[in-house]
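J.: Here you go, one structure.
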Amino acid sequence: MSISSPGNHAIVRGFSPEEAPTSAPAQRHDAATLLDDPEEWGTFGRPLKGSQTHADGSPVCWESFVVLEGMHCAACALAIEDALKQVRGILDVDVSAATHRARVEWNSAEVLPSQWMAAVRKAGYRCLPAMDALLREQRLHESRRALWRWLVAGFCMMQVMMYAWPAYQSTPGDLSLEMETLLRWASWVISLPVMFFACGPFFSSALRDIRERRVSMDLPVALGMLITFVVSTLGTFDPAGPFGAEVYYDSLTMFVFFLLSGRLLELRLRDRTAGALEAVANRLPDSVERRLAGSDDFERVTTRRLRVGDVVRVLPGEAFPADGVLVAGATQADEALMTGESRPVDKPVGALVCAGSYNLRATVEMRVEQVGDATRFAQVVALMESASLQKPRLAQLADKVARPFLVLVLLAALTAALWWWPSSPSHAAMVAVAVLIVTCPCALSLATPVSMLTAAGTLARNGVLVRNLQGLESLASVDTVVFDKTGTLTRDGLSVTGVHESSNPSLNRAQSLALAEALARRSLHPVSRAVAAYGRASAELGDGWMFDSVEEVSGAGVIATARNPALFDSPMTLRLGSASFTNAPLRGDGVQEAVLSLEANGRNQILLRFDLCEDVRSESFAVVKALQDAGIRVELLSGDNPSVVERVAGLTGIVHAHGGCTPQDKLARLKSLQAEGRHVAMVGDGLNDGPVLARAHVSFAFGRSVPLAQSRSDFVVMGDRLELVWQSRLLARRTMGVVRQNLMWAAIYNALCVPLAIAGYMPAWLAGLGMAASSLLVVLNAARLARDPELSAVHAIATETFQHWPSTPTAGLASEPI
């Protein structure tokens, strides 16, 4: 069925069978058939880089992301990992107890998604592809079920407390035997919905653990609930028996209510704090309006069906579904996630728009240029997915402790029951229940990952992507920061201020500029981008040149082999870079330049010399001063002329500056600092500084300088603000403070409450309250990291500095060689 609207020439077509919404049960296909369709694999994963291909060209190895239901602690995560690793064809597995997500690498020649998902199901958990619609449906379904169980437990708890209140207030003899028996039976009846509905997840998880011969947090909790109910039931049916002195329905319903309250709040907080990945991934619309071929009408199709060349219509408030070019209409876009720019960006006809950015003003039409993994949005999501599933060192240690800890809990409960049994079987049973419930390794397991994931989400909102969660721990202990110059302390946008021709060149000025533009556009370095921009501005495009090879020589320049049959009969070697790299004579005026040279028939010719200038960032002095005031040593390492480096160091307040450094010199200096026992952070452009970034304890790269997939840093700064480095350090220190608080709280809680429970001083309801509060406190403490860190120190220094800052660009400041 289709509905045509004459007013806007839009056609809304019914979804094709393969696009049927998953929330409509009547339209669902067989799950295994859908999951095993290779065309669907890209919706919840991507091919592994470097993977072999089948005969039809499709990749063999895949990396898929799934959402897990039914897991509650680190022991559950370990159980899922164990189940998947036993499946043939599974290459690697990472499961996060904090986000309830998993990353699975698998070989499609040996196993299919339905098969390894069946292994998860056999282990007692539900596995769903991490697709937008499924995620939203699963989150809503999980939240509704948790809310209903909580409501039932709360209602029944209040009713049971009403029946238990007379026993609390009466003295021996006040209540008749018939009345006491009636109240017990009423409490028993009201407790049944709690046991068979509200406690359902605890019992199903415990049965799964017994069947799989393992231990998770739900096993001792379910045992505690079952023992309490059985003891109380025996006391109700046989008041004269060994368990007839007292019943504990009030304690049972209270601690079930407290546990469910804790899990419900934890679920909501987890979605707010550790749910940054879902919030980013859900930016893309599920469906878009695509123009029909040869017509002005539009049809609504799912976003994943878009192809390069399609024209789509984007309404105000919608996100752009792919990278593309505006072909009709002008608007403003919110590109905060992609570029770190918080202000709306004007987008006239012909402007580039990126997937995941929001259309703010008007209805526009765009032509799709990049889809799927080729978009920058996909790279951002991939980085965040990878980081969210990493296990920092402290989290790995907590996971190793979780299972042995649970075994000790069971042994402690059994020992306590045996100790108290001779004096009172009923009291012995309740002591065992208190021991089983009060101990909580959940708080210990969540202490580190929830805090770090919350911090990573906060940084992502502010324009910093965390590639490595362990980098947060390293950043908190940094005592030395080493800056590169170009693109970090100075603005990323270089400009060409002058062009000089050599005498008797083999190409005229226009041809040389066209050649420089063609070569420069194949490089990512700021100098190359400046040369390419100058060539485009001069309307000299090198489209006639064909390049056989292009190689970036770190710290020197770009070398290429190119052909142009219209000008030369044979291939030539081209160089664009520093004077020494191109074998050009050095200039004595101290101006930084990029040189274009041509080698043909054994002869080297200098074609053009480009004069360059750049601006020192106005916030550089403030950031450096804030770091130094915090007791951090700041150094500058650059490949530029030492005199230029000294000038930049003077403007930014850096005392230790080194110019003329090759990449090997930078690496040697970094090793020297580390040999002194210093913890070093490196801030570079992400391309030339790759080896140094990889060697440093923690590293930053500015995202505009290099494709995200190629960045080797721990943090990628998407925005163009240097103070984000300072902000990241502030948040890293706060994060590790919260982690230490969480770990200390978990340790103190278990050290105090377990002995009290064994000694019989902690009733079951109080044990349930303590267990719920322990996990909840950890998550609430981590939620404090969702607040943006204060930048008052940087802003105060910047305000004081701006009135003395040079009002004109620092022309002539050298950029470091390509």
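J.: From the list S477, S423, S495, pick out the single residue that is closer than 23 Å to L608 by Cβ and surrounded by fewer than 24 Cβ atoms within 10 Å (Cβ to Cβ).
T.: The unique qualifying residue is S495.
J.: Checking the conditions here, which among L223, L183 is in a helix (DSSP H, G or I) and over 30 Å from E142 (Cβ atoms)?
T.: Within the list L223, L183, the selection yields L183.
J.: Cβ-Cβ below 6 Å, separation at least six or inter-chain, first residue in the stretch 416-437 and closer than 23 Å to F257 by Cα, second of a type in the set (S, T, Y): which pairs?
T.: Listed by first residue and then by second, the contacts come to V433/T228.
J.: Just to be sure I understand the filter: pairs with C-beta atoms under 6 Å, separated by 6 or more residues or on different chains, first member in the stretch 501-529 and in a helix (DSSP H, G or I), second member buried (at least 19 other Cβ atoms within 10 Å of the Cβ) and among the hydroxyl-bearing types (S, T, Y). Which pairs pass?
T.: As it stands, the answer is A520/S528; P526/T486; V527/S815, since those pairs meet every condition given.
J.: Looking at D297, D399, D334, which is the one that is within 21 Å of the chain's Cα centre (by Cα) and modelled with pLDDT of 80 or more?
T.: D334
J.: For the stretch 652-667, give me each residue that is crowded, with 17+ Cβ neighbours inside 10 Å, at pLDDT 85 or above and not in a helix (DSSP H, G or I).
T.: Selection gives G653, I654, A657, H658.
J.: In the set V152, V189, V194, which member is outside the structural domain of F257 (by TED's automatic domain parsing) and under 30 Å from I80 (Cβ atoms)?
T.: Just one listed residue meets the conditions, V194.
J.: Those residues that are under 47 Å from the mean Cα position of the chain (by Cα) and of a type in the set (V, I, T), I need them from the stretch 202-257; list them, please.
T.: I210, V215, V221, I227, T228, V230, T253, V256
J.: Can I ask one more? Which condition does Y761 not pass, out of (1) surrounded by fewer than 20 Cβ atoms within 10 Å (Cβ to Cβ); (2) at pLDDT below 80; (3) among the aromatic types (F, W, Y), if it passes all the others?
T.: The single condition Y761 does not satisfy is (2).
J.: For the stretch 468-500, which residues satisfy the criterion of being in a strand (DSSP E or B) and under 19 Å from R633 (Cβ atoms)?
T.: T480, V481, V482, F483
J.: So, in the stretch 764-805, of the ones that are crowded, with 22+ Cβ neighbours inside 10 Å and more than 32 Å from the chain's Cα centre (by Cα), which residue ends up modelled with the highest pLDDT?
T.: Looking at residues that are crowded, with 22+ Cβ neighbours inside 10 Å and more than 32 Å from the chain's Cα centre (by Cα), I get A767.
J.: Consider A455 carefully, then state whether it is touching a strand residue (DSSP E or B) at 6+ places or on another chain (Cβ under 9 Å), closer than 28 Å to E619 by Cβ and either modelled with pLDDT under 80 or assigned by TED's automatic domain parsing to the domain that holds R268 (or both).
T.: Yes; evaluated as a whole, the condition is true for this residue.
J.: For the stretch 718-744, how many residues are within 26 Å of S357 (Cβ to Cβ) and of a type outside the set (A, V, I, L, M)?
T.: 6
The values are calculated or read from the model by the stated rules, or taken from the named source; none is laboratory data. Computed from a predicted model, the values in this text were never measured in an experiment. Note that each Cβ is placed from the backbone with ideal geometry, even for glycine, and that neighbours are counted across all protein chains shown.
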